[in-house]
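Peer 1: Structure incoming, see below.
The values are calculated or read from the model by the stated rules, or taken from the named source; none is laboratory data. All values derive from a computational prediction rather than experimental measurement. Note that we place each Cβ from the backbone using ideal geometry, even for glycine, and neighbour counts take in every protein chain shown. Note: areas computed on protein heavy atoms with side chains; ligands, DNA, RNA excluded. Shrake-Rupley method; radii C 1.70, N 1.55, O 1.52, S 1.80 Å.
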Amino acid sequence: MGKGWTFQSLIDKKMTVTAYCHTQRAIISRELELVKLRDRFSQEAPAMTDDLIPKLKVGLIYSSDTSPNADGKAKGS
């Protein structure tokens, strides 16, 4: 994919990106709204950790869609 993920490529691959912040008492996390970020920054805006961290000031977790398909297997397997 060249230089890495864009907001649109993450959406197309049904990926999620979760931002998290460590506090003294807990880890707080929230799934990012990729469609809103794409609409704000453009569909080709880079969406790699190094691109997003300065804007969000949080950590990120990237996850694949692992919901089962009709055969009961994870999608993509």
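Peer 1: For the stretch 1-48, with every protein chain kept in place, what is the accessible area per residue (1.4 Å probe, Å²)?
Peer 2: Accessible area per residue: 75 Å².
Peer 1: Let me ask something additional. Would you mind computing, in nm to one decimal, how far apart the modelled labels at Glu33 and Lys13 are, each placed 7 Å from Cα along Cα→Cβ?
Peer 2: 2.4
Peer 1: Highest mean first, how do 16-28, 40-52 rank when packing is the count of other Cβ atoms within 10 Å averaged over residues?
Peer 2: Final packing ranking: 40-52, 16-28.
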